[in-house]
Amino acid sequence: MSITTSKNETGVTCEHCGQPITDMETAHGTTTGYLCAECRKMYYCMCEDCGHLVEADTITVTQDGHHVCEECLEDNYYCCDSCNAYVPVDVMYEAHDSNGNSEYICECCRVDYYEECEDCGELYHRSDMNDTGNNTYRYVCNDCYSQNYDTCSDCGEVHHIDHLHWCEHDDCYYCDDCYSERAGIIQSYHSGHRDGLNFFGTGPRYFGIELEVEATRDDYDNNEIAQTFIDEVGERYWHVESDGSLDDGCEFISQPMSINFLEQEHKEDIVTALKKISDIGARSHDTPHCGLHFHVSRAALTGQDILNLVVLCNKFKDIIFKLSRRTENNFSRWSAAYDDLRLRDRDFTNYIKQHGTVSNRYMMVNLTNCHTVEFRFFHGTLNPNSFFAALNFIDYLINTAKEFDNESDIYELTDSAFLTGARAYSDELATYINERGL
């Protein structure tokens, strides 16, 4: 609409209706003239964002009842793809439709109709998700459900593949609880030692070890491999659990032990156990699935220590990759490095120092456990020298982390100095480093 301003001899005319304005106290000024009170009331509205007076038919009412002009609407608001209401851009949430395409929704729709996938963390409409918690409302998206879940053939409940075990005898999946009834000495996943947690050696720096193995010979099964291992190391110190991520395998888990206890009092038993299970068909390094993980008690670490460990592992990730004996794909999948830029973000590093946690557990340094920090990067091994060299390297990392008062100083440490320190830690570790071509 074209707006003009005109004056006559007796006063000002309304730029909308053209009628004279006889009482200027009731007139409303605009950027181009004046409006009479009636036109202002009937045809114009004030934008609550910028404060400009604009024609009422160009005003949009947002979800929270604000009246905004076209320019402010375009700059500051977004239309919710679910309810079509306009909301401020800073309170929009990215979600995904059934085809995985991005859509943007408001807070109300997010609360009422959407759920966060328990696996990938992305938002999906509830109707496009699967309840994997057996009516406990644990939702996952279709992609994660198809890739990571199946049904236990015994109890009929849906479980994550990490908690399912393939039985070759009847070609069926069984959940941890149902499988443990068939497994004898092999306990269900994450069931813990039957005697509870007991500490051996002098703390506070304790190591908990997880060694994954798989059976590769038909004449020996996991139960016999597990029993052979426990007979040597003692069920007081170790127990065995099933692990659905393995191919006909199991996981040996130690009680928390100090480095001196492991090296001086328990080493001979571990060496014998590793050799014996290797002789009867167990494999760890020679499979694509097995890992050797070390947990270290948080009680031995400060917030700065934990941050330093993350920075150390990230800075020397190429060296650690060679020491890990993993393939590149397995290394990035099961023990990914942190983002280098985030580790230089003061807010992120302060959060680690203060809280010691990061949500993703499949990292080189896993910070999701309440009482331990886990190092996940080593491939499994039944070679005693490689086993204890890996243990020595973790202890060396902790010693090195404690030498720095500020994580920024770690970036000055060279590869050569880092490896020199590692070689000096023990002859076993020095030999291992040389064998890995470093």
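The values are calculated or read from the model by the stated rules, or taken from the named source; none is laboratory data. Remember, it's a predicted structure, so these values are computed and weren't measured experimentally. Note that each Cβ is placed from the backbone with ideal geometry, even for glycine, and that neighbours are counted across all protein chains shown.
Is it the case, given these coordinates, that ARG361 is closer than 16 Å to VAL296 by Cα and surrounded by fewer than 14 Cβ atoms within 10 Å (Cβ to Cβ)?
Numbers: closer than 16 Å to VAL296 by Cα: yes; surrounded by fewer than 14 Cβ atoms within 10 Å (Cβ to Cβ): yes.
Here the answer is yes, as ARG361 does meet what is asked.
When segment 105-117 is filtered for residues that are surrounded by fewer than 17 Cβ atoms within 10 Å (Cβ to Cβ) and touching a residue at least 12 places away in the same chain (Cβ under 8 Å), the ones remaining, listed by number, are GLU107, CYS108, TYR113.
Just checking, which of TYR145, TYR124 is closer than 28 Å to VAL358 by Cα, part of a helix (DSSP H, G or I) and in contact (Cβ under 8 Å) with a residue 12 or more places away in the chain? Don't jump to the end; show me each part of the working.
Details: TYR124 fails: part of a helix (DSSP H, G or I).
After ruling out the rest, the residue left standing is TYR145.
Filtered by the rule that a residue be modelled with pLDDT of 90 or more and either touching a Phe, Trp or Tyr at 6+ places or on another chain (Cβ under 6 Å) or among the β-branched types (Val, Ile, Thr) (or both), segment 239-249 gives VAL240, GLU241. For TYR179, the conditions (1) modelled with pLDDT of 85 or more; (2) in a helix (DSSP H, G or I); (3) in contact with a strand residue (DSSP E or B) (Cβ under 6 Å, 6 or more places away or on another chain) are fulfilled apart from (1). The residues of segment 225-246 that are within 27 Å of HIS159 (Cα to Cα) and either touching a residue at least 60 places away in the same chain (Cβ under 8 Å) or not in a loop (DSSP other than H, G, I, E, B) (or both), listed by number, are ILE225, ALA226, TRP238, HIS239, VAL240, GLU241, SER242, ASP243, GLY244, SER245.
Considering only segment 28-46, state which residues are crowded, with 18+ Cβ neighbours inside 10 Å, hydrophobic (A, V, I, L, M, F, W, C) and not in a strand (DSSP E or B). Within segment 28-46, CYS36, CYS39 qualify. Checked against the criterion of being modelled with pLDDT of 80 or more, surrounded by 15 or more Cβ atoms within 10 Å (Cβ to Cβ) and either in contact with a Leu (Cβ under 6 Å, 6 or more places away or on another chain) or assigned to a helix (DSSP H, G or I) (or both), segment 191-210 contains not a single residue that satisfies it. Residues that are at pLDDT below 95 and over 19 Å from ASP221 (Cα atoms) within segment 266-283 are absent altogether.
For (1) closer than 22 Å to GLU435 by Cβ; (2) not polar (S, T, N, Q), each residue gets a yes or a no:
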{"position": "PHE348", "(1), (2)": "no, yes"}
{"position": "GLN354", "(1), (2)": "no, no"}
{"position": "VAL365", "(1), (2)": "no, yes"}
{"position": "THR368", "(1), (2)": "no, no"}
{"position": "ASP395", "(1), (2)": "yes, yes"}
{"position": "ASP405", "(1), (2)": "no, yes"}
